[in-house]
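Undergrad: Take this structure, written in structure tokens, and hold onto it; I'll ask about it next.
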Amino acid sequence: MFKRALWQGLVAGAAGGVVMTLGEKIEQAVTGRPDSHVPGRVLARLTGLPERDGRQPLPVNWAMHFGQAALLGVLRSVMAQAGLRGPAASAKFTVVRVTNDQILENATGVGAPPATWPRVELLVDLLHKTVYGFATGLVADALAARDGLGPGQRHAAAHPGRRTDAGPPPREDAHTR
């Protein structure tokens, strides 16, 4: 399951990153908002690369932007392989994406807690991370569905409905191929 989740997650996360970036570019064309160089600055601080004032080198910015998108996609793929699929799983994953960004940005001193941001900036960021979370989820869920039900889904199917007396299936029936 984890081998499949690795490659499927990298694909799903990269696809989500592309969809998010396209959405950002459309939003920027409408609003006039400039590119963010926060990802590049975070990567520079995490790796010890030299920081520049203002704009960061595009390859550094994109390496963090798309690298983080692809790597976090692995977690969403693990969720899908386990049987956590659909919009509710994508919403949970979106919270993880936002949390990951905030940990890295605040730990490096590049960012500040979202509660201190101008509301419009916060809404724009949350919109784009939601697009990423759901796009990544669609791809991860579709790839995982090719492998059949996840262990959690098989457990739920064995005991349909909301029941308190539904114990787990036998160990040998819990895992996928």
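The values are calculated or read from the model by the stated rules, or taken from the named source; none is laboratory data. Worth saying up front: this structure is predicted, and the values here are computed from it rather than measured. In this analysis, Cβ positions are derived from the backbone assuming ideal geometry, glycine residues included, and neighbour counts consider all displayed protein chains. Only protein heavy atoms, including side chains, enter the accessible area calculation; ligands, DNA and RNA are left aside. Shrake-Rupley method; radii C 1.70, N 1.55, O 1.52, S 1.80 Å.
Undergrad: From Gly133, Gly111, Gly137, grab the single residue that is within 28 Å of Glu27 (Cβ to Cβ) and touching an Asp or Glu at 6+ places or on another chain (Cβ under 6 Å). Before you say what the answer is, go through the steps one by one.
TA: Numbers: Gly133 fails: touching an Asp or Glu at 6+ places or on another chain (Cβ under 6 Å); Gly137 fails: touching an Asp or Glu at 6+ places or on another chain (Cβ under 6 Å).
Matching residue, one of Gly133, Gly111, Gly137: Gly111.
Undergrad: Separate question: Of all residues being more than 16 Å from Asp125 (Cα to Cα) and of a type in the set (Val, Ile, Thr) in the stretch 54-109, which is surrounded by the fewest Cβ atoms within 10 Å (Cβ to Cβ)? Just the residue, please.
TA: Applying the filter and picking the extreme gives Thr108.
Undergrad: Are any residues in the stretch 110-155 surrounded by fewer than 16 Cβ atoms within 10 Å (Cβ to Cβ) and aliphatic (A, V, I, L, M), and if so, which ones?
TA: Across the stretch 110-155, the qualifying residues are Ala112, Ala115, Val120, Leu122, Leu123, Leu126, Leu127, Ala142, Ala145, Leu149.
Undergrad: Hey, among the residues in the stretch 1-37 that are more than 18 Å from the chain's Cα centre (by Cα) and within 26 Å of Asp141 (Cβ to Cβ), which one's surrounded by the fewest Cβ atoms within 10 Å (Cβ to Cβ)?
TA: This residue is Lys3.
Undergrad: A follow-up question, please. Can you tell me which residue is nearest to His128 (Cα to Cα) among those in the stretch 38-53 that are open to solvent by less than 90 Å² (accessible area, probe 1.4 Å) and outside any helix (DSSP H, G or I)?
TA: Glu51
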